[in-house]
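So the structure is just underneath, and the comments pick up after that.
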Amino acid sequence: MFFNFVKRLGIFCLVLIISTTLVFFMLHSLPGEKAVVMAKYIFLGSVELNPSNEEIQLVKDKFDLDRSLISQYISWAGAALHGDLGRSYKSNDPVSQEILIRLPATITLAFVSVLMSLFIGIPLGILAAVKQNSITDYICSSTAVLGISMPNFWLALLLMLVFSLKLNLTPTIGYGGLSHLILPAVTLGTASSAVIMRLTRSSMLEVMRQDYIRAARGKGLSRKSIFITHALRNALIPVITIIGLEFGHLLGGTVIIETIFAWPGIGRLLIDSISARDIPVIQGCVLFITLMYMLLNFAIDAVYPLIDPRIGGN
Amino acid sequence: MTKIRTTPIKSMLLIATIIACMLFSGCMAALGSSDQKLVVGEVWTMGSADPAMHNYELNNFLVAEGLTSISPDFKIVPCLADSWETVGSDSWRFHLNKNVEFHDGSKLTADDVVSSLERTMKMNPSVTGQLNIKKISKADDYTIDITTNTSDASLPARMAYGRASIYKINENSDGTISTPICTGPFKFVSYDKASDTLELAKNEKYRGGAPKLDSVTIRFGIGDANARQMAIESGEVDFTTEPPLGSTKSLQSNSNLNVTIHPLCQGYKLKFGDISKAPYDDVSVRRAIAYSVDRKSIADDILLGRGKASDGNALTPGLAWRNNDLKGYSYDTKKAKDLLSEAGWKDTDGDGILDKDGKPFKITLYTWPQRPALPSIAQAVQSQFKEIGIDADVRIMEWDAISDRADEWGMISVAGGDACMMIPDPSYYLEGQFLSSNDDYHYKNAKVDELILKARSTFDEDKRNDLYKQVQKIVYDEDCAQIPIAFHYLCVVTKKDVKGYVPNPAHHDYCISSGIYRE
């Protein structure tokens, strides 16, 4: 057990190092000269204007851009190890503060969307599997296809049109109360509910063909008991994996939805920082997103044995 | 057994409760109405409340002011300074208005002007470059002397620059300012970075009379045009700009809304990648391209009333220094073809594409997606190029990626957001676009350089404007260095009861006016 933990911790650190290093060096290959792009954002406030040579030189001096990439990386990593992620080039605020401001918005949205997809996806998936090839199944499955294929920016605008404009039930945009959460969460939740529903259905059908289900039937167990205690538990394993991935994906931010709803999430912060070549913030975001993914993986791994005691037993 | 039945029901109930709560709070939010309050839905993000670092927001929302300001008819008018005069060839003296109070009640003195301009220039090199100030000093409590690096007739106009505001130095321990104290009609109340929202309150003691609105809330970062349209239609914001291009008619027919479309000092143009290299080093080719663009159809069919076809000069009509006598380039494909054939571009292999010395006229037309009209304009230009035998491939990508491709053979781009009054003086735009030391597309004309530099130090207004008019004659008519396509107009949508908004086309992009009130 202890060895297992140390091994995992080792992998954890390795992934962090590799991902931040990769991102740092990939930033160098983005189009446009770094100092020029930064000068535009920091001093001109518009990408459509051209900075003067003095401004470009000032940016280079101020942020030490003439140094080699490796030495820039080392000084960043050194500070990061001490918990100092640096300051944003653009706003001059500490990177940790930039991320912390967006954290509640991101986590709330991700959590509610995942919760929604669970409550809709799993019951409907079971229903479709139980009533396989019935009208219910066809309705559930075709709705799911619709949910997956609908582009989410379009769904977002459609929801706004119906619920904000026509019915006047929810605010269209912005971040604040619970009411602001509803449309973005439904938009994001729809696609993941559909994915989870389809996965639950196929996984259930797969499990239902197993020998132990036949044995349970042979024993004379009731259909409901077979479904819940025998089939569902086994069928949920792949579903949980996908839920973990979806959650991680949502925590990394969803740029389009955040832009449409003017939602202050990590995704928009990351994209804005990439366009501005605001390297400390990009690095901070990548670090944060990687960390989130890995913590989630830990959590998911911890959930498996609860559902299937065979996992993690040895 | 019962487990099966209750689990979905329980969860359904939970969902229903959550949704009901959300809907209820949503209704409550929608119900709250306002007296003399205005909620503005803004396109861009604010980022920083520090007066040295902000991008015109504090100025456009009437919190901060400069020594001078720009009136809607493009005149430099007194603001914090009552009057100004030259003292020698490279020095200006500004006399401050003695009745100006900061939002904290203290009097504005020369010390405040010196310290805020010095702080801004130290923190923001872009402002430093634009202001061209060598030294700024206090002559007495209400008089400032400014020495410029070079003899500069444009300094009073540069003092109206949105980023040359005067403010109190109330720095935090780390040297930043988070609660700006300025002099404008509205006071800064708070800026919340998470929701990108700026709250302002009426400045009761404003010297020109208090504004009618009690408070203004600006919600920044509503970058999606459709979302802005729905936000104003649902009544969540009272004032917004730039809804989708195609939505003007439906908004105009909405009886709850007012739609204003007014000129702005911005436009669209064709810009060559490298004017010093083939095929664009030949002025006949540039002229042929200018003749091939059907500006009227672009303005009518793409901008849909939110713009006007260019007459050949990118400067906004109404500016005193604008040359209104340019002959421009009309839409004339025959002339375009003739010019190209004179320049040696002929279709020798009959494939419909011109060629010269075995090289076909195949080019790439770049543009970026952030301004909604740009991709459509690029497509229109592409088909118009086809008419005269130029085969253009349209590529839409990020601005920075486009600037990396300036060296490609035949590279040309459709540019938008071409703002000529960021600093309300001709020197700002004409130097930036056509001075050979500043340009990024290798345009060089010694005569233009000479005229532009001479104009900067010419203090007689008529003579100065005349020099700039000569520059426009050369760069647009003779050299065809850039090809203006259309002017961009701003669309402002407000609720019906929002009255008293006076557009100021000189501002970038717009500013609210202190006369706004709710009926």
Enter the accessible area of B:M397 (Å², nearest 10), with the probe set to 1.4 Å and all protein chains included.
30
Of the heavy-atom accessible surface of the range B:413-496 (probe 1.4 angstrom), what whole percent is carbon and sulfur?
46
Label zone at A:Y212, where the point sits 7 Å out along the Cα-to-Cβ direction: the range A:227-243 residues whose backbone N lies under 15 Å
A:227-238
Cross-link candidates for B:K362: which aspartates and glutamates have Cα within less than 13 Å, leaving aside residues fewer than 8 places away along the same chain?
B:D347, B:D351, B:D391, B:D393, B:E408
So B:D351 and B:D35, fully extended at 0.36 nm per residue minus their Cα-Cα distance, gain in nm 107.0 nm
Between B:D300 and B:N438, Cβ-based FRET efficiency (R0 30 Å, step 0.05) works out to 0.30
Straight-line reach only, C-alpha to C-alpha below 29 angstrom: list the lysines that A:K219 could link to, leaving out same-chain residues fewer than 8 apart.
A:K131, B:K3
Note down the nm distance, to one decimal, between modelled labels 7 Å out along Cα→Cβ at B:D141 and at A:I70.
6.3
In nm, the gap between the two label points placed 7 Å beyond Cα toward Cβ at B:D174 and A:T241 is 4.3
Please give the residues from the range A:144-181 for which the solvent-accessible area of heavy atoms, probe 1.4 Å, is smaller by at least 20 Å² with all protein chains in place than with the chain isolated.
A:L157, A:M160, A:L165, A:N168, A:L169, A:P171, A:T172, A:I173, A:Y175, A:L178, A:S179
Calculated [θ] (222 nm, deg cm²/dmol) that DSSP helices of n ≥ 4 give over chain A, each run adding -39,500 (n - 2.57)
-23500 deg cm²/dmol
Accessible area per residue, Å², chain B with all protein chains present, probe 1.4 Å
40
Going by the alpha-carbon gyration tensor, a ≥ b ≥ c the square roots of its eigenvalues, is chain B rounded (a/c under 1.5) or, if a/c is not under 1.5, prolate (a/b greater than b/c) versus oblate?
oblate
Looks like chain A, by Cα gyration tensor root eigenvalues a ≥ b ≥ c and the a/c under 1.5 rounded cutoff (else prolate when a/b is bigger than b/c, oblate otherwise), is oblate
Taking R0 as 35 Å, what FRET efficiency do you get between A:L14 and B:I396 from their Cβ-Cβ distance, rounded to the nearest 0.05?
0.35
How well do other chains shield peptide A:218-225, expressed as the mean number of their Cβ atoms within 10 Å of each residue Cβ?
1
Percent carbon-and-sulfur accessible area, the range B:74-164, ignoring ligands, DNA and RNA, probe 1.4 Å:
47
Run the reach check for B:K296 against aspartates and glutamates, Cα to Cα strictly under 18 Å, same-chain hits fewer than 8 apart removed. What comes back?
B:D311, B:D332, B:E387
Springs between alpha-carbon atoms under 10 Å, Gaussian network over chain A: tell me which of A:R87, A:R233, A:R201 tops the mean-square fluctuations.
A:R233
Within the range B:38-56, find all residues whose amide N lies under 11 Å from a label point positioned 7 Å from the Cα of B:Q370 along Cα-to-beta-carbon.
B:44-45
Between A:N168 and B:E204, how high is the FRET efficiency from 1/(1 + (r/R0)^6) when r is the Cβ-Cβ distance and R₀ = 45 Å? Nearest 0.05.
0.80
With the full set of protein chains in place, find how many percent of the accessible area of chain A is carbon and sulfur; take the probe as 1.4 Å.
69
Two-site label geometry, A:A299 and A:K7: point separation in nm, points 7 Å out along Cα→Cβ:
2.5
Taking 0.36 nm per intervening residue step and subtracting the Cα-Cα distance, what contour gain separates B:K334 from B:S250 on full extension?
26.3 nm
If you roll a 1.4 Å probe over the heavy atoms of the protein chains, what accessible area per residue do you get for the range A:148-301, in Å²?
40
Specify whether the C-alpha gyration tensor of the protein assembly as shown places it in the rounded, prolate or oblate class, a ≥ b ≥ c being the square roots of the eigenvalues: rounded for a/c under 1.5, otherwise prolate if a/b is larger than b/c and oblate if not.
prolate
May I ask you to give the solvent-accessible area per residue for the range A:2-88, in square angstrom, as obtained with a 1.4 angstrom probe?
58
Rounded to the nearest 100 Å², the accessible area hidden between A and B, summed over both chains at a 1.4 Å probe radius, is 4300
Name the residues of the range B:214-242 whose accessible area falls by at least 20 Å² when all protein chains are present instead of the chain alone, probe 1.4 Å?
B:R219, B:G221, B:I222, B:D224, B:N226, B:A227, B:M230, B:E233, B:S234, B:E236
Would you tell me the mean number of C-beta atoms belonging to other protein chains that fall within 10 Å of each C-beta in A:257-263, as a whole number?
5
Segments B:370-383, B:46-59, B:89-102, A:292-305 sorted - mean Cβ within 10 Å per residue, highest first
B:46-59, B:370-383, B:89-102, A:292-305
Determine the calculated [θ] at 222 nm for chain B from helices alone, applying -39500 (n - 2.57) to every DSSP H run no shorter than 4 residues and normalising by the residue count; nearest 500 deg cm²/dmol.
-8500 deg cm²/dmol
In the full protein assembly as shown, how much of B:L213 is accessible to a 1.4 Å probe, in Å² to the nearest 10?
0
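The values are calculated or read from the model by the stated rules, or taken from the named source; none is laboratory data. What you are looking at is a predicted structure, and each value in this text was computed from that prediction instead of being measured. FYI the Cβ positions are ideal-geometry reconstructions off the backbone, even for glycines, and counts take in every protein chain you see. Accessible surface is based on the protein model in full, side chains and every heavy atom, while ligands, DNA and RNA are left aside. Shrake-Rupley method; radii C 1.70, N 1.55, O 1.52, S 1.80 Å.
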